């Protein structure tokens, strides 16, 4: 983890994971909270899957990002669909809050996966500031070509 964006995404992953733990805990105790889990058993399984995927994302494994995206996509994707189908033109504050959290649950794994893909591209095509100015500088190559064309010496 060398990039600032990677640190931010991992921090957001952990914060959302802790938030989901609090949601499940409050639901289990019967305390009213901002939102409630769709299915408590699946929520607990999802929390453990998320923990494994956070560890894999920290290790920069593409499998961690894919597991995170698929698990949250299955859980929150169906939830978004069911919320939209049950609104019937009348929405409450609770519906909007659930919808916002579900969209966050879909967008965060997408951003993590895109970050992993960009990091993979950076690893495969690294840039070295010490030598790239020479080897990847077309303007320098043009100057050298023009100078070489002007140096035509006469031979007798």
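Any read-out appearing in this document is the output of simple, stated calculations on the displayed coordinates, not a laboratory observation. Fair warning: this is a prediction, and the values are worked out from it, not measured in the lab. Cβ coordinates were reconstructed from backbone atoms using ideal geometry, including for glycine residues, and neighbour counts include every protein chain displayed.
For the reader, a short list of remarks on this structure follows.
- Here the label points at residue 78 and residue 31, each 7 Å from Cα along the C-beta direction, are separated by 2.8 nm in the simple model.
- With both labels modelled 7 Å from their Cα along Cα-to-Cβ, the residue 48 to residue 111 distance reads 2.9 nm.
- Pairs of alpha carbons in region 4-127 whose separation is greater than 21 Å (percent): 42
- Modelled label reach - residue 22, point 7 Å along Cα→Cβ, region 70-106 residues with backbone N closer than 18 Å: 94, 97-105
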